[in-house]
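The values are calculated or read from the model by the stated rules, or taken from the named source; none is laboratory data. All of these numbers come straight from a predicted model, not from anything done at the bench. Here Cβ is always computed from backbone atoms with ideal geometry, including for glycine, and neighbour counts include all displayed protein chains. Calculation scope for accessible area: heavy atoms of the full protein, side chains included, ligands and nucleic acids excluded. Shrake-Rupley method; radii C 1.70, N 1.55, O 1.52, S 1.80 Å.
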Amino acid sequence: MMNKRHPKQALYFIWTCNIVAIAVFSASWHFGGIDLSQLYSPVFATWLLLVCLARHGGLFDFVDSKLSAGIGCVIEFAALIILPFPLFALSIVISCLINMADRIRKKHPEPFLGPDFNASSTIVVGFVSSSVFIGTAGANPSSELLFTVALLMNTALFGILRIFLINTLICLDEGIAWRTGPAIKGDTVFTEGILLITGAVLAITYLFNPYLILFLIAPALLLQNLLQKANKAELIYIDEKTGIHNYRYFDEKINEMYMACKKNGTSLSLIFGDMDYLRDVNNTYGHSVGDDAIAAVGQVFKQSLQDDFTAARFGGEEFVMILPETSKGAAFQHAEIIRRKVEKLNLRSEKNEKVALSISLGVASFPENAEDIQSLIQKADEALYEAKRKGKNQVCLYEENKAEKLILAH
């Protein structure tokens, strides 16, 4: 099978966060002045239970298998405001251990990797933001204005640092540029902000009157339902096998990009790609290896995204990339980079045999080669066909009356 080990830089980042979190956790208990009797207090028991339920009771979902989008975030942030930091950190650690134990029970291939970063990043971010909150609000405990400012700073800092850490890990793990990471997309940042504000409201309500949180149960569940629907709406545009967008998304996005480029008088380029010899891979090594090959090529397209580029899988072994405001020559160079990356993929069979992969690609641009979307798609497809006809594993650029081969495979 494909080598799915995480890059060393991603593991180093996780271990660094874990070490910092352990140091912060230990120091908070040593210098935090926590009385052990507080471990048996109803407040800690209540919020420990809520954190564990939110994390493991079906109230914590994921977007793109990476980003939290459930009311687990709401509960955690409320607990950070209500509990002394050492008790908050302890609740996160206990929740993390429960998660790990559950993954071990289910024989998860990576029972520790993931929950450890989730817990350590929350502890580190929580320590920084709560320290700012305590330092600011503590300057004048009787000032409601100062408390409000401190709470806003706490919320903003928690969200910014959390997004920064998550986006950094995703980009290190997937080998993509930080600015293209999914955690800094507008919709993700907006959702994170709404969740944290909801957590702050929950905490203030609890501090005013603990019983009033009963009135927040229905709105919280409604928020969770809306997030789940939003997640499902996004998933209809995602190809399950590769994790990149599907044809439905491509069909909508290319119209949007075409109109923008036509209005601005800029180029819009297309790269069509088709894997070579996938049928031979399936016949020789089995369809599971063939599926791994498709997924690996999908990741190459995803990791090759820049700026406003969009990658999608057409189905089967066909892929496409839309490159707005990109000339035909620049698109060709980008396609050649993709070809080389596919050629270097480390795919292994079940017997650990090296599985050779390659891809043929065609490039066309608006307005140089076509005047409308359908013509642009047709020209890119013709360039791809020319690459296949001339020997595969190469990039061809569409030219009138022929798709001119610009580069040899080797």
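For the residues Leu376, Leu361, Leu384, the requirement of being under 28 Å from the mean Cα position of the chain (by Cα), crowded, with 16+ Cβ neighbours inside 10 Å and aliphatic (A, V, I, L, M) singles out Leu361.
Each row is one residue, and each column tells you yes or no for (1) under 24 Å from Thr16 (Cβ atoms); (2) surrounded by fewer than 21 Cβ atoms within 10 Å (Cβ to Cβ).
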site: Ile71; (1), (2): no, no
site: Leu87; (1), (2): no, no
site: Ser121; (1), (2): yes, no
site: Val128; (1), (2): yes, yes
site: Ser143; (1), (2): no, yes
site: Leu165; (1), (2): yes, yes
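From the list Ile359, Ile337, the lone residue that is farther than 22 Å from Asn264 by Cα and touching a Lys or Arg at 6+ places or on another chain (Cβ under 7 Å) is Ile359. Filtering the stretch 100-115 to residues that are surrounded by 13 or more Cβ atoms within 10 Å (Cβ to Cβ) and at pLDDT 85 or above leaves only Met100. All of (1) of a type in the set (A, V, I, L, M, F, W, C); (2) at pLDDT 80 or above; (3) surrounded by fewer than 17 Cβ atoms within 10 Å (Cβ to Cβ) hold for Ala230 with one exception: (2). Of all residues in the stretch 335-353, exactly one satisfies the criterion of being at pLDDT below 90, loosely packed, with under 13 Cβ neighbours inside 10 Å and of a type in the set (Lys, Arg), namely Lys351. One residue stands out in the stretch 250-282 among those that are part of a helix (DSSP H, G or I) and within 20 Å of Asn393 (Cα to Cα): the one that is farthest from the chain's Cα centre (by Cα), namely Asp280.
For the stretch 312-334, filtered to residues that are outside any helix (DSSP H, G or I), in contact (Cβ under 8 Å) with a residue 40 or more places away in the chain and among the small types (Gly, Ala, Ser), the residue that is surrounded by the most Cβ atoms within 10 Å (Cβ to Cβ) is Ala312.
When Ile213, Ile166, Ile197 are checked against the criterion of being touching a helix residue (DSSP H, G or I) at 6+ places or on another chain (Cβ under 7 Å) and either touching a residue at least 60 places away in the same chain (Cβ under 8 Å) or in a loop (DSSP other than H, G, I, E, B) (or both), Ile166 stands alone in meeting it.
Of the residues that sit in the stretch 364-373 and are outside any strand (DSSP E or B) and in contact with a Ser or Thr (Cβ under 9 Å, 6 or more places away or on another chain), which one is most open to solvent (accessible area, probe 1.4 Å)? Among those that are outside any strand (DSSP E or B) and in contact with a Ser or Thr (Cβ under 9 Å, 6 or more places away or on another chain), it is Glu368. So, Phe25, is that one surrounded by fewer than 16 Cβ atoms within 10 Å (Cβ to Cβ), under 29 Å from Phe164 (Cβ atoms) and of a type outside the set (Lys, Arg) or not? So Phe25 does not fit the description; no.
Among the residues of the stretch 113-120, at least one is without any contact (Cβ under 8 Å) to a residue 12 or more places away in the chain and not in a helix (DSSP H, G or I). Taking the stretch 283-293, which residues are open to solvent by 10 Å² or more (accessible area, probe 1.4 Å), of a type outside the set (Ser, Thr, Tyr) and assigned to a helix (DSSP H, G or I)? Scanning the stretch 283-293 gives Asn283, His287, Asp291, Asp292.
Mind telling me which of the residues Tyr211, Tyr237 ends up being modelled with pLDDT of 85 or more and among the hydroxyl-bearing types (Ser, Thr, Tyr)?
Step by step, each of Tyr211, Tyr237 is checked, and only Tyr211 is modelled with pLDDT of 85 or more and among the hydroxyl-bearing types (Ser, Thr, Tyr).
Scanning the stretch 130-141 for residues that are surrounded by 15 or more Cβ atoms within 10 Å (Cβ to Cβ) and either in a loop (DSSP other than H, G, I, E, B) or modelled with pLDDT under 90 (or both) returns a single hit, Ala137.
Yes/no matrix, rows are residues, columns are (1) more than 30 Å from Ile134 (Cα to Cα); (2) at pLDDT 80 or above; (3) surrounded by 19 or more Cβ atoms within 10 Å (Cβ to Cβ):
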| site | (1), (2), (3) |
| --- | --- |
| Gly159 | no, yes, yes |
| Cys171 | yes, yes, yes |
| Trp178 | yes, yes, no |
| Val189 | no, yes, no |
| Thr198 | no, yes, yes |
| Tyr206 | no, yes, yes |
| Tyr249 | yes, yes, yes |
